[in-house]
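Have a look at the structure below, then the notes.
What follows is calculated from the coordinates using simple rules that are stated; it is not laboratory data. These numbers come from a predicted model, not from an experiment. Don't worry about glycine lacking a Cβ; one is built from the backbone with ideal geometry, like all the others, and counts go over all protein chains shown.
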Ligand SMILES: [Zn+2]
């Protein structure tokens, strides 16, 4: 379906290949719930980390879409994205609120970006999380590995309460891939959900590599979803192959699975991320849900 996925990044041929894929499905475009836009100096630091193949990555990680912010936004628009996100996340205290201010401005300047906010276990977190909801945040990002905090930290109790009440989904990187963190893995998320059974979590990367355990949680809890970010790609399959025996559950949970890419910080082209979903061969209805319709419903994108 997407036979041109080796087209050069930022090329017209690449954009044509991406557009052909969703047009063939009869979709009005794509929605990508997991893209990274962040303040320049934070993005520069992230890229330097990826360039160093640091221990949180575990391997070489060339960034395909390194470019100025405007060019990155324009690239997504040429792909036909109807909505994307600006996944921001703090790795230390007293950073989240500043990131949230940036996220508010970025969303105001880019109406196709889902207004994204974040949080960290610290005094005042519940208050600034409530303020972010009030300011119109439509999605939150929590990075358990990079943030190196427990989702059960008592300083987050109020945060989860605010988010649960507001029903604003949280894209949460809580699986132990690409390298485990002190607090990653399904156990703490299971405990969190036992306390907040309606919490809207979007488990990033299909929960890589704890796919089975996170699928269990998506089956058990009504508002637990998964994003496909980097999953099923050649890159992920090498180190953390998705168990073929679980594909039936991926099909059955189709309305809880959302396409995500990790753009721009991916070591392959965007079309490959899409093709990785297509080649699962779970049917065009499944694909339409994952690539667009599920997120359109969740985020009320007409
Ligand atoms: Zn990401």
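Numbers at a glance
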{"read-out": "Residue-averaged 222 nm ellipticity for the chain, from DSSP H runs of 4+ at -39500 (n - 2.57), nearest 500", "value": "-11500 deg cm²/dmol"}
{"read-out": "Choice from 228, 184, 198 with maximal GNM fluctuation in the chain (Cα, 10 Å cutoff)", "value": "198"}
{"read-out": "Sorted peptide list for 261-270, 248-257, criterion being average Cβ within 10 angstrom, highest first", "value": "261-270, 248-257"}
{"read-out": "Part-to-part distance (alpha-carbon centres) for segment 221-261 and segment 104-158, which is given in Å", "value": "24 Å"}
{"read-out": "Segment 12-298, relative contact order in percent, only Cα pairs under 8 angstrom and at least six apart counted", "value": "20 percent"}
{"read-out": "Separation in nanometres of the label points that stand 7 Å from Cα toward Cβ, at residue 40 and residue 68", "value": "1.0 nm"}
